[in-house]
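Engineer: First the structure, then my questions, so here it is.
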Amino acid sequence: MKKTALPILTRAESEVMAALWKHERLTVHALVEALDRPVAYTTALTILRILQQKGYVRHEPDPEGGRAYVYLPAVAANKARRSHVRDLVDRLFDGRPEELVTGLLEDERLSRAQLELLRGQIERSLSPEGYADKKPRKEPKR
């Protein structure tokens, strides 16, 4: 059974999801307050409805009563990040994750501590236990 990829989020949708992942459950009013930039109530509500259609958000009646709904993430942050990285690798790096990693190493100013973390992750992935857990992707045709 093939996994279906999550739809890609726009910048505004990503900001809303970041707030939901941080706070776990928000009303529209609370979301507007939680965002880093000013957003109208109706804009926030529209984005939430789009996110619900995309499968990222669900809602339920506010337990405190009234007509308001509480919005909750329906997708874990880690799952969304992995899906977006996979899409980025497929679209911009011809399915070659090593190209993305090389680009990051060449273009970003990473601290020694960040590089050590990456080294540790690579070493764990190369170990027999780490490698056995991963199914290699097919090499892209060139």
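The values are calculated or read from the model by the stated rules, or taken from the named source; none is laboratory data. Keep in mind the model is a prediction, meaning the values are calculated, not measured. Here the Cβ is made from the backbone with ideal geometry for all residues, glycine too, and neighbour counts use every protein chain on show.
Engineer: Would you confirm, using the coordinates I've provided, whether Asp94 is in contact (Cβ under 8 Å) with a residue 24 or more places away in the chain, outside any helix (DSSP H, G or I) and not aromatic (Phe, Trp, Tyr)?
Structural biologist: It is true that Asp94 is in contact (Cβ under 8 Å) with a residue 24 or more places away in the chain, outside any helix (DSSP H, G or I) and not aromatic (Phe, Trp, Tyr).
Engineer: Just to verify a result, which residue in the range 88-102, among those that are farther than 22 Å from Arg11 by Cα and not basic (Lys, Arg), is surrounded by the fewest Cβ atoms within 10 Å (Cβ to Cβ)?
Structural biologist: Among them, the one singled out is Glu98.
Engineer: Given the conditions (1) free of Cβ contacts under 8 Å to residues at least 40 places away in the same chain; (2) in contact with a helix residue (DSSP H, G or I) (Cβ under 6 Å, 6 or more places away or on another chain), and given that Val28 satisfies all but one, which numbered condition is not satisfied?
Structural biologist: Going through (1) free of Cβ contacts under 8 Å to residues at least 40 places away in the same chain; (2) in contact with a helix residue (DSSP H, G or I) (Cβ under 6 Å, 6 or more places away or on another chain) one by one, Val28 breaks only (1).
Engineer: Residues Leu92, Leu6, Leu88, Leu110: which one is modelled with pLDDT under 95 and either in the same structural domain as Ser125 (by TED's automatic domain parsing) or of a type in the set (Ser, Thr, Tyr) (or both)?
Structural biologist: Answer to the check: Leu110.
Engineer: Moving on. Read through the list (1) surrounded by 12 or more Cβ atoms within 10 Å (Cβ to Cβ); (2) assigned to a helix (DSSP H, G or I); (3) among the hydrophobic types (A, V, I, L, M, F, W, C), then give the number of the only condition that Leu105 fails.
Structural biologist: Only one criterion in (1) surrounded by 12 or more Cβ atoms within 10 Å (Cβ to Cβ); (2) assigned to a helix (DSSP H, G or I); (3) among the hydrophobic types (A, V, I, L, M, F, W, C) is unmet by Leu105, namely (1).
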